[in-house]
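The values are calculated or read from the model by the stated rules, or taken from the named source; none is laboratory data. Computed from a predicted structure; not experimentally measured. Every residue, glycine among them, receives a Cβ derived from its backbone with ideal geometry; neighbour counts consider all protein chains shown.
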DNA sequence: TTAAATGCAAAGCTTTTGCAATACT
DNA sequence: AGTATTGCAAAAGCTTTGCATTTAA
């Protein structure tokens with residue numbers, strides 16, 4: 001928690017840039033920390049801490065879960081990583097940047113990832129009507145998918 | 001979990017109606033179960049299971065946490081109760097019906113409850129554009145409140 | 001009477017914390 | 001060399017489960 005430096009969010013487009021950002025801010029690049037970044041950038045999908053610590057089914061060495069959590073926290077404070085929740089399971093982590101927003105059907109539990117631009121209409125409307133700048137990135141939008149809405 | 005009857009959701013406007021609904025469906029009205037309902041209808045605000053079991057600061061007798069959870073689950077399956085999450089804390093429970101939807105500022109953590117009608121514009125737009133019927137009742141909409149949006 | 005529901009204890013799952021040992025810079 | 005970071009172990013916070021006992025109907 002006591003970090004050499006803490007500043008505003010910055011997203012890195014790839015592993016190398018993330019490592020540079022760490023060094024530039026005075027953070028060490030330990031093997032455990034590098035492993036977390038490699039997993040996140042290598043997976044191409046959001047990961048749970050457990051999955052990262054487990055080595056991503058053989059693609060990476062197994063590592064300590066507590067350290068993974070600590071690194072994810074550090075990386076998130078730095079703005080290199082974000083986490084979100086899709087339901088009652090563990091939190092999911094991904095490199096900051098290429099955010100997706102999620103629609104979760106409360107009936108059939110189908111999960112649909114959409115590009116933020118697809119929700120810009122709603123975002124604008126909410127901002128105009130309520131003054132609130134919505135980011136649907138931390139929790140999914142829960143509701144009924146077209147199929148379940150139809151049969152309701 | 002093995003219930004005498006399970007059917008579609010029904011909201012009850014008050015304690016008496018909820019008790020009747022229970023009986024009508026063949027569920028027993030035990031003192032523990034009644035206590036959960038009394039707390040939920042009496043509080044006027046969403047409650048955690050822990051708070052219900054704790055007797056709501058003296059307003060009700062202390063009861064068993066596991067039973068509270070089991071009853072909340074039963075009542076939710078029946079459609080008399082719903083639960084939602086506002087952040088990383090425990091789930092919150094309230095009588096079904098008078099739903100609120102929540103806006104949570106990710107910067108100052110201000111929580112704003114809004115009437116569902118205030119989000120109907122956005123709901124309609126999302127339905128038109130994505131075919132998805134959004135209910136912002138299980139997770140809050142996370143983003144920036146007017147004040148924090150202004151200073152960003 | 002009898003099966004639903006309780007109360008207690010224990011465990012499960014996710015995340016956090018304390019601390020001595022290690023390793024990055 | 002000095003301190004950020006690790007690895008291990010233990011605990012914390014929320015929720016679920018097993019089971020013998022109680023109780024509503």
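What about residue B:48, is it surrounded by fewer than 20 Cβ atoms within 10 Å (Cβ to Cβ), more than 14 Å from chain A (Cβ to nearest Cβ) and touching a strand residue (DSSP E or B) at 6+ places or on another chain (Cβ under 7 Å)?
On the way: surrounded by fewer than 20 Cβ atoms within 10 Å (Cβ to Cβ): yes; more than 14 Å from chain A (Cβ to nearest Cβ): yes; touching a strand residue (DSSP E or B) at 6+ places or on another chain (Cβ under 7 Å): yes.
Judged against the criteria, residue B:48 is a match.
If you take the residues of region B:23-36 that are near DNA strand C (Cβ under 9 Å from one of its atoms) and in a helix (DSSP H, G or I), which of them is nearest to the other protein chains (Cβ to nearest Cβ)?
Selected residue: B:36.
Restricting to region A:96-111, count the residues that are assigned to a strand (DSSP E or B), more than 7 Å from every other protein chain (Cβ to nearest Cβ) and surrounded by 17 or more Cβ atoms within 10 Å (Cβ to Cβ). Spell out the reasoning first.
Within region A:96-111, the subset assigned to a strand (DSSP E or B) is A:101-105, A:111.
Narrowing further to those that are more than 7 Å from every other protein chain (Cβ to nearest Cβ): A:101-102, A:104-105, A:111.
From what is left, the residues that are surrounded by 17 or more Cβ atoms within 10 Å (Cβ to Cβ) are A:101-102, A:104-105.
The number of residues fulfilling the criteria is 4.
Tally up the residues in region B:73-92 that are more than 9 Å from DNA strand D (Cβ to nearest atom) and in contact with a strand residue (DSSP E or B) (Cβ under 8 Å, 6 or more places away or on another chain), please.
Within region B:73-92, the subset more than 9 Å from DNA strand D (Cβ to nearest atom) is B:74-82, B:84, B:86-87.
With the extra rule that they be in contact with a strand residue (DSSP E or B) (Cβ under 8 Å, 6 or more places away or on another chain), the set shrinks to B:75-76, B:80-82, B:84, B:86-87.
Summing the residues that are more than 9 Å from DNA strand D (Cβ to nearest atom) and in contact with a strand residue (DSSP E or B) (Cβ under 8 Å, 6 or more places away or on another chain) in region B:73-92 gives 8.
Quick check on region A:120-135: of everything there that is more than 7 Å from chain B (Cβ to nearest Cβ) and surrounded by 15 or more Cβ atoms within 10 Å (Cβ to Cβ), which residue is nearest to residue A:87 (Cα to Cα)? Lay out the reasoning, then the answer.
Filtering region A:120-135 for residues more than 7 Å from chain B (Cβ to nearest Cβ) gives A:120, A:123-124, A:127-128.
Pick out the ones that are also surrounded by 15 or more Cβ atoms within 10 Å (Cβ to Cβ) and you get A:123, A:127.
Values: A:123: 22, A:127: 26 Å.
Step by step, filter region A:120-135, then rank; the result is A:123.
How many residues does region B:76-95 contain that are over 25 Å from residue B:149 (Cβ atoms) and facing chain A (nearest Cβ under 10 Å)?
Adding up the residues that qualify gives 1.
I need the full set of residues from region B:36-72 which are in contact (Cβ under 8 Å) with a residue 24 or more places away in the chain and within 11 Å of DNA strand D (Cβ to nearest atom), in order please.
Within region B:36-72, B:47, B:48, B:49, B:50, B:52, B:64, B:67, B:68, B:71, B:72 qualify.
Determine if region B:6-17 includes at least one residue that is part of a loop (DSSP other than H, G, I, E, B), more than 14 Å from chain A (Cβ to nearest Cβ), modelled with pLDDT under 95 and within 13 Å of DNA strand C (Cβ to nearest atom).
Scanning region B:6-17 turns up at least one residue that is part of a loop (DSSP other than H, G, I, E, B), more than 14 Å from chain A (Cβ to nearest Cβ), modelled with pLDDT under 95 and within 13 Å of DNA strand C (Cβ to nearest atom).
Regarding residue A:53, is this residue at pLDDT 95 or above and either surrounded by 11 or more Cβ atoms within 10 Å (Cβ to Cβ) or more than 16 Å from residue A:79 (Cα to Cα) (or both)?
Numbers: at pLDDT 95 or above: yes; either surrounded by 11 or more Cβ atoms within 10 Å (Cβ to Cβ) or more than 16 Å from residue A:79 (Cα to Cα) (or both): yes.
So residue A:53 fits the description; yes.
Which one of these does residue B:138 not meet: (1) out of contact with any helix residue (DSSP H, G or I) (no Cβ under 8 Å at 6 or more places or on another chain); (2) more than 12 Å from chain A (Cβ to nearest Cβ); (3) modelled with pLDDT under 95?
Just one mismatch for residue B:138, condition (2).
Being under 12 Å from the mean Cα position of the chain (by Cα) and either closer than 24 Å to residue A:118 by Cα or modelled with pLDDT of 95 or more (or both): is that true of residue B:116 here?
Here the answer is no, as residue B:116 does not meet what is asked.
Among the residues of region A:130-143, is any under 26 Å from residue A:20 (Cβ atoms) and free of Cβ contacts under 8 Å to residues at least 60 places away in the same chain? Steps first, please.
Of the residues in region A:130-143, the ones under 26 Å from residue A:20 (Cβ atoms) are A:137.
From the residues that got through so far, the ones that are free of Cβ contacts under 8 Å to residues at least 60 places away in the same chain too are A:137.
Scanning region A:130-143, I find at least one residue that is under 26 Å from residue A:20 (Cβ atoms) and free of Cβ contacts under 8 Å to residues at least 60 places away in the same chain, so the answer is yes.
Return the total of residues in region A:37-70 being touching a helix residue (DSSP H, G or I) at 6+ places or on another chain (Cβ under 8 Å), assigned to a loop (DSSP other than H, G, I, E, B) and within 14 Å of DNA strand C (Cβ to nearest atom).
Of the residues in region A:37-70, 3 are touching a helix residue (DSSP H, G or I) at 6+ places or on another chain (Cβ under 8 Å), assigned to a loop (DSSP other than H, G, I, E, B) and within 14 Å of DNA strand C (Cβ to nearest atom).
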